[in-house]
Amino acid sequence: MVKERKKLWVIAIFLLFIIYFFAAARPIPPETVLSLHWLSPLESDTAENTEVTKTAVQPNGLIPFTLGSRFGYIDTEGHLRLNKIKYGEIYLSEYLWTEYEAEPDNIEIMNNAADIALILENPGGYPILLDNRIFILGSGQNSLSEIDTTGSVLWTYDFAAPLTCIDAAAGLVLAGSIDGVIEVLDNNGKRIFFFVPGGSRYEVILGCALSQDGQRVGIISGIAQQRFLLLEHYDSGEYKVIYHEFLEAGFRRPVHISFFDQDRRVAFECTEGISLFEIKSRRAVRIALNGELAAIDKTGSQGYFFLICSPSDEQKELIGIKLSRDRRKGIPGTVDIRAPFKSEGVYLGRTDTALIIGGGSTLLSFNLEKK
């Protein structure tokens, strides 16, 4: 009975969210609308611990999610292909996932069909799944190893200080450390670039990101003063700074930074909210957030960028931002949606035409349609 009331409460919350979304939120301009495509509860008799995928689906076939006490994969039509209760630490990629304890004696790497892809005995660290590759971050957080599909170590690289951020794309690995150093490793674990941004009283790398083509690097570095730097790869083989900016104030914690909109822009946290930097024009748009960043869109497809911020533990706000570079269609960086809702955990995902939002124990998909 209690469980049934909980389900009804969750459904009621999301029905109110949907009503508010269409009735009270600031609408997207007439040429683009959001229409509800599907709603998928994670806690139901049919969804409980769903494992219906019999063969592993390629990375672009399923969407990984973590929401509250649940994690798994869902397809673009809202069918849960894997829906499990979370008991330990979770690392999800498009094709692989792993759940592990604080100091694991062994690590099982699973595919999105919940079949064991690999077992690592005495890994000596923690798994990281990036760019469809398997890495082990050493227990001291100052070494990184890549593991192949048989469990063999392909290479190991030792850093001079503990890592504070890591990213991988285009066969490259980007790492930033607590001593303020940025390093880029090639596909064989060989260092091809070393950089110390400097310029701050306390040198530390708080965030780093690689563009999908590996041609650009974004960095948030330093405390007092904090800086955003953008580097670009040149024919000489070096990455060179093409833009840097001192931020008025900064954080003393990890800072989100990522490329989006087909590598045309960089999104990063700032004390004002979030900054969306357009690489071609070298201009940024600052968007004020009522709370901390809780989830972020990493595609920016169809000219819109979405995020969720968290004013409090239970209060959340969905924000939709227009990215159009055509001034006739509105000022780039215009906030077209501000839709508050209630939920402790949140999820935000994107496909080419859909926005997937998670709250409570439900996932919802909205189609972005031009009308």
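The values are calculated or read from the model by the stated rules, or taken from the named source; none is laboratory data. Keep in mind it's a predicted model, so treat the numbers as computed, not measured. Note: ideal-geometry Cβ built from the backbone for every residue, glycine included; neighbour counts use all protein chains shown. With ligands, DNA and RNA removed, areas are computed over all heavy atoms of the protein, side chains included. Shrake-Rupley method; radii C 1.70, N 1.55, O 1.52, S 1.80 Å.
The number of residues in segment 313-369 that are surrounded by fewer than 21 Cβ atoms within 10 Å (Cβ to Cβ), within 17 Å of residue 296 (Cβ to Cβ), of a type in the set (D, E, K, R) and modelled with pLDDT of 90 or more comes to 1. Provide a single number: the residues in segment 284-296 that are in a strand (DSSP E or B) and either over 24 Å from residue 214 (Cβ atoms) or in contact with a Gly (Cβ under 6 Å, 6 or more places away or on another chain) (or both). The total comes to 8. Note on segment 165-191: residues that are part of a strand (DSSP E or B) and either more than 19 Å from the chain's Cα centre (by Cα) or hydrophobic (A, V, I, L, M, F, W, C) (or both) amount to 14. Listed conditions (1) closer than 17 Å to residue 137 by Cα; (2) of a type outside the set (A, V, I, L, M, F, W, C); (3) assigned to a loop (DSSP other than H, G, I, E, B) are all met by residue 237, apart from (1). Selection of segment 73-83 for residues being under 19 Å from residue 298 (Cα atoms) and crowded, with 21+ Cβ neighbours inside 10 Å yields 73, 74. Every condition in (1) at pLDDT 90 or above; (2) over 30 Å from residue 135 (Cβ atoms) holds for residue 91 except the one numbered (2). Restricted to segment 57-164, the set of strands (runs of 3 or more DSSP E) holding at least 1 residues that are among the aromatic types (Phe, Trp, Tyr) and closer than 23 Å to residue 37 by Cα comprises 63-67, 70-74.
Residues in segment 175-208 that are small (Gly, Ala, Ser) and more than 18 Å from residue 246 (Cα to Cα): 175, 176, 177, 189.
For the structure I just gave you, tell me whether residue 194 is loosely packed, with under 15 Cβ neighbours inside 10 Å and outside any loop (DSSP other than H, G, I, E, B).
Here the answer is yes, as residue 194 does meet what is asked.
Are any of the residues in segment 222-238 charged (D, E, K, R), closer than 18 Å to residue 296 by Cβ and surrounded by fewer than 15 Cβ atoms within 10 Å (Cβ to Cβ)? Checked segment 222-238: no residue is charged (D, E, K, R), closer than 18 Å to residue 296 by Cβ and surrounded by fewer than 15 Cβ atoms within 10 Å (Cβ to Cβ). Annotation note: of 245, 269, 317, the sole residue that is touching an Asp or Glu at 6+ places or on another chain (Cβ under 9 Å) and among the charged types (D, E, K, R) is 269. If we scan segment 125-136, do we find a residue that is at pLDDT 95 or above, under 24 Å from the mean Cα position of the chain (by Cα) and acidic (Asp, Glu)? There is no residue in segment 125-136 that is at pLDDT 95 or above, under 24 Å from the mean Cα position of the chain (by Cα) and acidic (Asp, Glu). Say we look at segment 29-56 and pick out the residues that are modelled with pLDDT of 85 or more and outside any loop (DSSP other than H, G, I, E, B); which of these is farthest from residue 365 (Cα to Cα)? So, considering only residues that are modelled with pLDDT of 85 or more and outside any loop (DSSP other than H, G, I, E, B), the one farthest from residue 365 (Cα to Cα) is 41. Residues in segment 271-311 that are among the basic types (Lys, Arg) and either open to solvent by less than 40 Å² (accessible area, probe 1.4 Å) or at negative phi (or both): 280, 283, 286, 298.
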